[in-house]
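Structure record follows, encoded as structure tokens.
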Amino acid sequence: MKNTSKTVIKEQRLTGERALFMSRELDVSDCIFADGESPLKESHGIRVFNSSFQWKYPLWYCSDVEVSDSTFFDMARAGIWYTKNITLSDCLYEAPKGFRRVDGLKVRSMSIPNALETLWHCSNVDMENITVRGDYFALDCENVRIRHMNLTGNYVFDGCRNVEVSDSKLIAKDAFWNCENVVVRNCYISGEYTGWNSKNITFINCTLESLQGFCYMENVKLVDCKLLNTNLAFEYSTVDAEVLTEIESIKNPLGGKIRCKKIGEIIFDDMKVDRSKTEIICTGQLTESLHEV
């Protein structure tokens with residue numbers, strides 16, 4: 001963002017509701033936004049350096065904002081809503097419900113230790129080098145690109161569209177539910193029920209551990225992936241899987257191709273499922289058990 005700022009606010013403690021309401025072309029440095037809601041609401045062309053937000057709703061209905069080397073305290077909850085074109089870098093973001101209906105969000109090198117209900121209904125999101133802890137991260141977002149993320153929390157990326165996640169680690173139950181058009185690359189994911197009800201989702205060079213993973217999916221693809229401690233997989237899904245390890249059990253896939261090193265058990269116990277529509281190939285030891293009705 002081009003700097004055309006003419007006003008500088010430095011080393012101040014700002015209090016009261018809407019302390020800098022409707023500011024334009026403003027540089028803020030070494031300041032504390034203390035008690036008082038919505039201090040920068042409806043502001044545009046704002047740069048914030050080395051400052052702290054300690055109360056609710058600091059950046060609502062803003063545009064063209066840069067925040068760096070700053071801290072959002074726990075009470076800065078519901079902090080950035082309905083805002084366009086905002087960049088945060090090298091920040092600590094402790095407040096829950098951080099981003100809602102933001103369009104054009106860029107994040108670099110940030111920790112979000114209380115990410116409960118954060119990143120909801122956002123679009124055009126680009127994040128890199130982030131640490132996230134909290135349930136319900138990234139709900140109903142679109143056009144999302146994330147690299148180098150460490151995430152701990154359940155029910156993440158629910159209902160998202162057009163998503164790329166790479167070089168990341170996720171410990172997350174019910175990750176990537178109800179999604180469409182997702183690519184997950186070079187990631188580690190551990191959690192039950194990964195990917196249910198999603199469409200067009202591809203995992204490339206990933207290590208995945210999931211009880212009853214990849215069920216009720218349309219066009220789920222695994223490319224050179226490792227499945228550890230994964231059972232009852234692919235139920236009622238169409239699948240194209242190239243797996244480098246054993247799969248403990250596969251149950252009622254609807255169609256496609258599964259190629260792996262070994263399968264502990266293949267289960268077809270639903271008479272409505274046509275076994276012949278799924279090609280299953282073991283490159284190593286033969287299947288130990290086939291259970292059919």
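The values are calculated or read from the model by the stated rules, or taken from the named source; none is laboratory data. Nothing here was measured: the structure is a model prediction, and the numbers come from that model. So basically every Cβ, Gly included, is an ideal-geometry build from the backbone, and we count neighbours across all protein chains shown. Heavy atoms of the whole protein, side chains included, go into the accessibility calculation; ligands, DNA and RNA do not. Shrake-Rupley method; radii C 1.70, N 1.55, O 1.52, S 1.80 Å.
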Handout entry: Enumeration of residues in the range 160-195 that are over 19 Å from Trp120 (Cβ atoms) and open to solvent by less than 10 Å² (accessible area, probe 1.4 Å)
Key = Ser168, Val184, Cys187, Ile189, Thr194, Gly195
Completion exercise
By residue number, the members of the range 232-242 that are in a strand (DSSP E or B), over 15 Å from Asn200 (Cβ atoms) and open to solvent by 10 Å² or more (accessible area, probe 1.4 Å) are Glu242
Practice task
Take the range 93-117 and flag every residue that is small (Gly, Ala, Ser) and surrounded by fewer than 20 Cβ atoms within 10 Å (Cβ to Cβ).
Solution key: Gly104, Ser109, Ser111
Handout entry: Residue ID - farthest from the chain's Cα centre (by Cα), chosen from residues in the range 243-293 that are among the hydrophobic types (A, V, I, L, M, F, W, C), modelled with pLDDT under 95 and outside any strand (DSSP E or B)
Key = Val293
Completion exercise
Per the list (1) surrounded by fewer than 17 Cβ atoms within 10 Å (Cβ to Cβ); (2) not in a strand (DSSP E or B), residue check on His148 breaks on (2)
Completion exercise
Counting only strands (runs of 3 or more DSSP E) wholly inside the range 1-92, the ones holding at least 2 residues that are open to solvent by 10 Å² or more (accessible area, probe 1.4 Å) and either touching a Pro at 6+ places or on another chain (Cβ under 9 Å) or closer than 22 Å to Glu128 by Cα (or both) are 44-49, 63-68
